[in-house]
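Shown next, in structure tokens, is the structure this report addresses.
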Amino acid sequence: MMSLSGTIHWERHNGLIVNRDFLDILARNRLNTVDRMFEYRDGEVIKDIGIRTVTRIALTIDGQVRHFYLKRHYAEKMWFRGRGSSFGGGGRLSQGLLEFDNICRFRQANVSTPVPVAAGQRMIRWPRVQSFVVTEDFRPYISLEKLLETRPEFFLGAESKTRKRLLLKEIAELARRMYERGFNHRDFNATHILLRYANEDGPPATALFDLQRIDRKRLFRFRWIIKSLAEMNYSLPESVFGLEDRQFLFLSYKNKIHPGLRDRLEMFWIRRKTERIRRHTRNLIKRRDRLRDPGSKRPERGRPGEGWSARG
């Protein structure tokens, strides 16, 4: 079983930043330069939004097939200097290098995330660059969002309360560990929570992925948990997670049994932020639909949980 935490030993090679454990497999598959990473056309495209694609690729070494995710950014601007990185230099990092750096920092701080393989960038025309990052396939981990889509009954029925409590407690612990180590995942929701159940009646192992949008600024850190739990709250479907479950998630993060006055105030802020996320998402969907087909009407979508006031 792969380890999703621990220090990564990397080195520079042909303009790439490469995890030493993967130097050989990249070389044998002729993916050991930035240009070859961008010219690679095999694999299954998982996501394509024009300026960024994610492709699941299969590489062979010594007769064994291993799977990876190749995320390529096609249009970035590098105007400003940014925070320092593990790679030295202190300049602003491209999205690919930034995610590789964030993954290394998470793992070193014992916050679980998939294994980084390589990253690199190339200048197209100043200030535009292209960049990429490769991570190892995280299976048998599965995203919470995927689990809810494919097995909604898992959190329903006689064992539902126990399973939900075990899950929510692990999510709360993951969030607390992340914040205590100075990280804020700006997309903390069911899509980016990874789970692995060794025993379906026990607590899952948890991890986070998609780390390009990590905040480490000290200013306004008290707002992190409000926004993060609001995003998580919105992404948990109301049909599965009720008011009691959502309060349990918050109190588990606080490591409390009963909320105090400040806790109730924070729960109110979370509820309000959740409602803003819901409105913003609806507006985005409407705008996107108008761009796709100005003359058509989209059927009303069901929505995830709206807040701590969701039905129990």
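The values are calculated or read from the model by the stated rules, or taken from the named source; none is laboratory data. Since we're looking at a predicted model, the values are computed, not measured. Positions of Cβ are backbone-derived with ideal geometry, glycine not excepted, and every protein chain shown enters the neighbour counts. Just so you know, the surface numbers come from the protein's heavy atoms only, side chains and all, with ligands and any DNA or RNA stripped out. Shrake-Rupley method; radii C 1.70, N 1.55, O 1.52, S 1.80 Å.
Inside region 177-211, can you point out the residues that are open to solvent by less than 50 Å² (accessible area, probe 1.4 Å) and not in a loop (DSSP other than H, G, I, E, B)? Listed by number, the residues that qualify are Arg177, Met178, Tyr179, Asn184, His185, Ile193, Leu194, Leu195, Ala205, Thr206, Ala207, Leu208.
Candidates in region 37-53 are the residues that are within 11 Å of His73 (Cβ to Cβ) and in a strand (DSSP E or B); of these, the one that is least open to solvent (accessible area, probe 1.4 Å) is Thr53. For region 265-309, taking the residues that are among the hydroxyl-bearing types (Ser, Thr, Tyr) and at pLDDT below 90, the one that is most open to solvent (accessible area, probe 1.4 Å) is identified as Ser309.
Among the candidates Glu149, Glu170, the residue that is under 21 Å from the mean Cα position of the chain (by Cα), more than 18 Å from Ala198 (Cα to Cα) and acidic (Asp, Glu) is uniquely Glu149. Here Leu26, Leu59, Leu31, Leu70 are screened, and the one residue that is part of a loop (DSSP other than H, G, I, E, B) and either modelled with pLDDT of 95 or more or open to solvent by less than 20 Å² (accessible area, probe 1.4 Å) (or both) is Leu31. Could you check, for region 144-165, whether at least one of its residues is open to solvent by less than 60 Å² (accessible area, probe 1.4 Å), closer than 22 Å to Trp224 by Cβ and either polar (S, T, N, Q) or free of Cβ contacts under 8 Å to residues at least 40 places away in the same chain (or both)? Within region 144-165, not a single residue is open to solvent by less than 60 Å² (accessible area, probe 1.4 Å), closer than 22 Å to Trp224 by Cβ and either polar (S, T, N, Q) or free of Cβ contacts under 8 Å to residues at least 40 places away in the same chain (or both). Scanning region 234-256 turns up one or more residues that are among the aromatic types (Phe, Trp, Tyr) and either in a loop (DSSP other than H, G, I, E, B) or surrounded by fewer than 11 Cβ atoms within 10 Å (Cβ to Cβ) (or both). In region 212-231, the residue that is farthest from Glu275 (Cα to Cα) out of those that are in a helix (DSSP H, G or I) and out of contact with any helix residue (DSSP H, G or I) (no Cβ under 7 Å at 6 or more places or on another chain) is Arg221.
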